[in-house]
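Colleague: After the structure tokens below, expect a handful of questions from me.
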Amino acid sequence: MNVSAFDLNHARALHFLLEEAHVARAARKLGITPAAASNALRRLRDDFDDPLLVRAGRALVRTPLAEALRGPAREVLAAAERLFDVSAPFDPGTYEGEFTVTTSDRVAEVLLPTLDRLLAERAPRASLSVRTVTVEVEVFLRDHGGIAVIPDTSRARGLCAEKLFTDDFVCVLRKGHPLAKGPWTARRFAGAEHVMVAPLAASRRGVVDDRLAEQGLTRRVTRVVTTFALAVPLLVASDRIAILPRSFALARAKELELVVRAAPLELPAIEMQMVWYPGHERDPRHVWLRGLLQDAARASGLRPL
């Protein structure tokens, strides 16, 4: 391919056609007619000597090459947008683009109501996309952009980071649970039936088990789930207990009549960070969104680091 002949309009068409895998939807994003989008797809097929989108029943699916091109196409378009944005100050009051935040369900549940309110007040024309991610965060941010709010221990190398808030672990159990009252010891805690949260559900042992072992104790884990949200239904109608982040536990406790007790063990705090791809370090929209997230965390009662 003659790269010098590949103009920015082709890059925009490539991006939206590959993202949408639908000619009419891509046409709406591009501000052109479906016929013009079909013509653009034909040109791109010639440029890359590949069909890019092929029919499977009534839908279009991406070819392997098209999947490989999605990330680079996003990067090219984002770089072009930054090229024309650097000379103009960012005005959140008139911004009509999209902000993207990637985090876990438990952080979203605590942070999202305040973040949504502040965004509506300060950038009323902007849209917000909140996603959860299970793939490698560095790859996700490189391909999709935005900011991720994740534990410090999860941060991949090569990403920029800024501390956001800290959280600690507490024990959660149903109202009326035998352990809701009375002496609260590590031995009574260990003797209960436990729900364990393991992101990959790969192990029934964690830091709680290590701390118990230091006291010669073990616990019985009978349920393993991959998210904190999945642990809650397993507590409300049983005598199981779980260790959950305090902010998430308090958000659910009142609604579901759960009891929150301090963990009878010394457990490390959870340090949450905002992370982003280095290419967005000086992007004024990113800088503004980072400030908004800081304000949302403080207004949500999350403890700063």
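Colleague: Answer with yes or no whether Arg211 is among the charged types (D, E, K, R), surrounded by 16 or more Cβ atoms within 10 Å (Cβ to Cβ) and over 30 Å from Leu292 (Cβ atoms).
Modeller: The answer is yes for Arg211.
Colleague: Can you run down the residue pairs with Cβ atoms below 6 Å, 6 or more apart or on separate chains, where the first is in the stretch 43-57 and within 13 Å of Ala68 (Cα to Cα) and the partner is open to solvent by 50 Å² or more (accessible area, probe 1.4 Å) and in a helix (DSSP H, G or I)?
Modeller: Going by the 6 Å Cβ cut-off, the qualifying pairs are Asp50/Leu65; Leu52/Arg45.
Colleague: Within the bounds of the stretch 263-285, is there any residue that is on the phi > 0 side of the Ramachandran plot and exposed (fewer than 14 other Cβ atoms within 10 Å of the Cβ)? Can you show your working first?
Modeller: Here is the first cut: in the stretch 263-285, the ones on the phi > 0 side of the Ramachandran plot are none.
No: the stretch 263-285 contains no residue that is on the phi > 0 side of the Ramachandran plot and exposed (fewer than 14 other Cβ atoms within 10 Å of the Cβ).
Colleague: OK, next. Give, as residue ranges, the helices (runs of 4 or more DSSP H) completely inside the stretch 100-209 that count at least 3 residues that are closer than 30 Å to Leu77 by Cβ and at pLDDT below 95. Show your work before the answer.
Modeller: On the way: elements: 105-122, 137-144, 186-190.
Of the helices (runs of 4 or more DSSP H) lying wholly inside the stretch 100-209, those with at least 3 residues that are closer than 30 Å to Leu77 by Cβ and at pLDDT below 95 span 105-122, 137-144.
Colleague: In the stretch 251-262, how many are closer than 16 Å to Ala192 by Cβ and open to solvent by 30 Å² or more (accessible area, probe 1.4 Å)?
Modeller: Qualifying residue count for the region: 4.
Colleague: Now, a different point. For the stretch 234-250, which positions are more than 22 Å from Arg188 (Cα to Cα) and either touching a Cys at 6+ places or on another chain (Cβ under 6 Å) or surrounded by fewer than 17 Cβ atoms within 10 Å (Cβ to Cβ) (or both)? Walk me through how you get there before you give the answer.
Modeller: Residues of the stretch 234-250 more than 22 Å from Arg188 (Cα to Cα): 247-248, 250.
Answer for the stretch 234-250, where residues must be more than 22 Å from Arg188 (Cα to Cα) and either touching a Cys at 6+ places or on another chain (Cβ under 6 Å) or surrounded by fewer than 17 Cβ atoms within 10 Å (Cβ to Cβ) (or both): just Leu250.
Colleague: Taking only the stretch 16-53 into account, find how many residues are open to solvent by less than 50 Å² (accessible area, probe 1.4 Å) and in contact with a Phe, Trp or Tyr (Cβ under 6 Å, 6 or more places away or on another chain).
Modeller: Matching residues across the stretch 16-53 total 2.
Colleague: Output the residues belonging to the stretch 223-243 that are farther than 16 Å from Lys175 by Cα, touching a strand residue (DSSP E or B) at 6+ places or on another chain (Cβ under 6 Å) and in contact (Cβ under 8 Å) with a residue 40 or more places away in the chain.
Modeller: Phe228
Colleague: May I ask you to list the residues in the stretch 284-305 that are basic (Lys, Arg) and assigned to a helix (DSSP H, G or I)?
Modeller: Arg285, Arg290, Arg298
The values are calculated or read from the model by the stated rules, or taken from the named source; none is laboratory data. As the structure is a computational prediction, the values presented were derived from the model and not from experiment. All Cβ positions, glycine included, derive from the backbone under ideal geometry; neighbour counts span all protein chains shown. All accessible areas refer to the heavy atoms of the entire protein, side chains included, with ligands and DNA or RNA removed. Shrake-Rupley method; radii C 1.70, N 1.55, O 1.52, S 1.80 Å.
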